[in-house]
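A.B. asks: One structure, as structure tokens, below. Some questions next.
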Amino acid sequence: MKRYLLSIYQPDGPPPSPEKLAPVMERIGRLNDDLRRAGAWVFAGGLHAPESATVVRVADGRPMITDGPYVEGKEHIGGFTIIQAPDLDAALAWAKRLAEALVLDGHQTGLPIEVRPFQDEH
Amino acid sequence: MNTEHERRAPAAKELEELFRREYGRVVSVLVRTCGSIDAAEEVVQDALAVALERWPIDGVPASPAAWLITTARRRAIDRARREASRATRHRAADWASRVIEPPHEPEGEVVEDERLRLIFTCCHPALAPEAQVALTLRLLGGLDTGAIARAFLVPEATMAQRIVRAKRKIRDAGIPYRVPEAADLPARLAHVLAVVYLIFNEGYSASGGGQLVRGDLCDEAIRLGRALAALMPGEPEVLGLLGLMLLADARREARLDADGSFVPLGGQDRSRWDRLKIAEGQAIVRRCLQLARPGPYQVQAAIQAVHSDAPAFEDTDWRQIVALYDQLYALTPTPVVALNRAVALAEIAGAEAGLTALESVALDEYHLYHAVRGDLLARLGRVEDARAAFDRAIALCPTVVERRWLEQRRQGVA
């Protein structure tokens with residue numbers, strides 16, 4: 001089994017209204033249940049807005065703390081899921097379900113999911 | 001010494017051909033055995049080196065692929081044992097056990113299955129398109145990196161890096177060696193066919209440089225098409241692509257005149273068309289019709305079949321061609337299809353009708369769109385407009401050979 005990181009990229013700015021998000025959250029909940037049942041679930045979670053991030057780094061030998069996020073941009077990781085799967089095709093099938101679950105009702109386009117393999121443990 | 005060298009020289013060239021032909025077959029089985037493309041390629045190279053030594057003396061074995069597979073497998077076991085005696089004992093031992101107990105024998109249908117698996121790995125949509133093409137030519141076509149680099153006019157180091165990176169992604173991301181499941185098969189197969197057709201088109205209408213046709217790429221694409229048709233005989237689009245490539249390639253010689261200038265369909269010496277390829281392509285189109293599951297490649301093959309039926313350009317059954325383009329447009333509503341339909345329409349309904357049909361085609365950056373417009377305008381005697389259209393076509397044209405042809409056309413407008 002390999003492990004994969006499924007990152008959800010979200011545009012910055014105010015999130016959709018709670019009424020619009022409710023069906024999405026319900027679908028994500030069902031997907032997580034299915035992941036658990038299939039033995040594929042490792043971890044999943046949503047993140048607060050990028051402005052809530054703080055960056056820590058060592059500069060000139062001393063730890064330094066700055067207001068984040070680290071990468072300036074119009075999109076940031078809004079949440080992620082870690083799964084285990086036998087191969088990339090299996091991981092992509094889960095990612096497809098996640099991408100579909102995230103599409104707001106009445107929309108045709110959703111958020112990109114980046115699928116990235118973890119290095120092997122040994 | 002000298003005479004012996006002379007006697008061997010043709011044999012070496014023959015062997016090179018044979019190695020290329022068998023490479024995909026052999027590597028795909030060894031990928032299964034070794035679990036990695038790099039390891040497979042290394043042991044296959046070892047086996048080829050042994051063959052190069054032995055075959056000129058012992059003669060070529062009855063089944064070269066089986067011989068190479070057996071030899072490469074033995075090498076893989078040796079290597080695994082050597083590895084096992086080094087530090088990485090645990091993993092190599094695991095590898096050795098897999099090598100020593102191959103999942104199945106490398107014979108007949110099983111070999112074909114392995115090749116099919118590897119095609120789907122090479123053409124996995126998670127790989128960059130140019131990497132898919134390079135890997136397919138390398139692993140299934142048996143072309144070396146230098147030859148692929150020359151075919152695509154990129155430095156060899158760039159191509160080598162592209163292939164290394166793609167192989168690394170296959171390993172690290174866990175892209176499987178597997179024929180996709182039924183639900184994914186249509187989309188994934190369409191992708192494989194697109195890669196093969198891209199290789200063909202790169203050869204048929206080379207996208208840069210001074211050469212219009214790079215025949216070796218056409219040959220390679222047809223070879224891959226034949227392999228796919230043999231592996232998936234029940235897939236009509238696989239047959240359709242093979243038929244399309246054969247019928248187009250039948251005209252390869254006639255598309256260039258003695259000076260290497262481009263000759264369009266209407267001006268071609270049809271006695272220079274390859275009758276064998278046409279007969280094979282037309283037989284494939286008939287078989288597709290029997291299967292009655294039309295798709296874009298089959299319809300395009302049918303269009304080429306209609307062209308190849310006409311003894312002269314004037315005899316072309318344009319009505320049937322327009323009808324086929326209508327069918328193609330219903331399947332794939334792209335502007336290039338609309339452009340080709342307008343060309344055919346002009347032959348039955350006149351240049352004015354062709355121009356009207358062009359108005360809704362959004363291909364302002366495509367040189368052939370302006371060439372077609374220029375041609376239709378010239379037929380209507382609109383000289384200035386025609387020249388302006390050809391100017392635009394010339395400015396956009398990617399190949400020297402086609403540009404020369406367009407310049408002649410522009411001068412011919414009167």
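A.B. asks: Considering the Cα positions of region A:2-105, please state its Rg to one decimal place and its Dmax as a whole number of Å.
C.D. replies: 16.3, 50
A.B. asks: Something else: Tell me the GluC sites (Glu not before Pro) within region B:110-195 that lie in a loop according to DSSP and have at most 13 other beta-carbon atoms within 10 Å.
C.D. replies: On the way: sites: B:E112, B:E114, B:E130, B:E156, B:E181; in loops: B:E181.
Answer by residue number: B:E181.
A.B. asks: Which whole-angstrom value gives the distance between the alpha carbon centres of region A:41-67 and region B:217-266?
C.D. replies: Each part's Cα centre sits 56 Å from the other's.
A.B. asks: Just flag the GluC sites (Glu not before Pro) in region A:1-76 sitting in loop per DSSP whose Cβ has no more than 16 other Cβ atoms within 10 Å. Intermediate values should be presented prior to the final figure.
C.D. replies: On the way: sites: A:E19, A:E26, A:E51, A:E72, A:E75; in loops: A:E72.
Passing sites in region A:1-76 are A:E72.
A.B. asks: Quantify, in whole percent, the carbon and sulfur part of the accessible surface of the protein assembly as shown (1.4 Å probe; protein heavy atoms only).
C.D. replies: Details: 15040 of 28370 Å².
In the protein assembly as shown, the share of accessible area belonging to carbon and sulfur is 53 percent.
A.B. asks: Could you compute how much accessible area chains B and A hide from each other, both sides summed, with a 1.4 Å probe? Nearest 100 Å² is fine. Write out the running numbers ahead of the final one.
C.D. replies: On the way: alone 20380 and 8710 Å², together 28370 Å².
Chain pair B/A: roughly 700 Å² of buried accessible area.
A.B. asks: For B:E352, tell me the accessible area in Å² from a 1.4 Å probe, rounded to the nearest 10.
C.D. replies: For B:E352, solvent-accessible area is about 100 Å².
A.B. asks: Right, something else. Specify the inter-centroid distance of region B:279-313 and region A:85-122, based on alpha-carbon positions, in whole Å.
C.D. replies: 40
A.B. asks: Given axes a ≥ b ≥ c from the Cα gyration tensor, I'd like to know whether the protein assembly as shown is rounded (a/c under 1.5), prolate (a/b larger than b/c) or oblate.
C.D. replies: Numbers: a/c = 1.98, a/b = 1.19, b/c = 1.67.
Since a/c reaches 1.5 but b/c is at least a/b, the shape of the protein assembly as shown is classed as oblate.
A.B. asks: Taking a 25 Å limit on the Cα-Cα distance, which of the listed pairs A:K74/A:K96; A:K96/B:K169; A:K74/B:K167; A:K74/B:K169; A:K2/A:K74; B:K13/B:K169 fall beyond it?
C.D. replies: From the list (A:K74/A:K96; A:K96/B:K169; A:K74/B:K167; A:K74/B:K169; A:K2/A:K74; B:K13/B:K169), the Cα-Cα distance tops 25 Å for A:K74/B:K167; A:K74/B:K169; A:K2/A:K74; B:K13/B:K169.
A.B. asks: Taking just the C-alpha trace of region B:182-308, give me its Rg and Dmax in Å.
C.D. replies: Cα radius of gyration and Dmax of region B:182-308 are 14.7, 51 Å respectively.
A.B. asks: Select from region B:303-377 those chymotrypsin sites (Phe, Trp or Tyr not before Pro) which occupy a DSSP coil region and have at most 15 other Cβ atoms within 10 Å, ordered by residue number. It would help to have the intermediate numbers written out before the result.
C.D. replies: Details: sites: B:F313, B:W318, B:Y325, B:Y329, B:Y366, B:Y369; in loops: B:Y366.
Answer in residue order: no site qualifies.
The values are calculated or read from the model by the stated rules, or taken from the named source; none is laboratory data. Quick caveat: nothing in here was measured; it's all calculated off a predicted structure. Reconstructed Cβ throughout: ideal geometry from the backbone, glycine too, with neighbour counts over all protein chains shown. Keep in mind that these areas ignore ligands, DNA and RNA; they rest on the heavy atoms of the full protein, side chains included. Shrake-Rupley method; radii C 1.70, N 1.55, O 1.52, S 1.80 Å.
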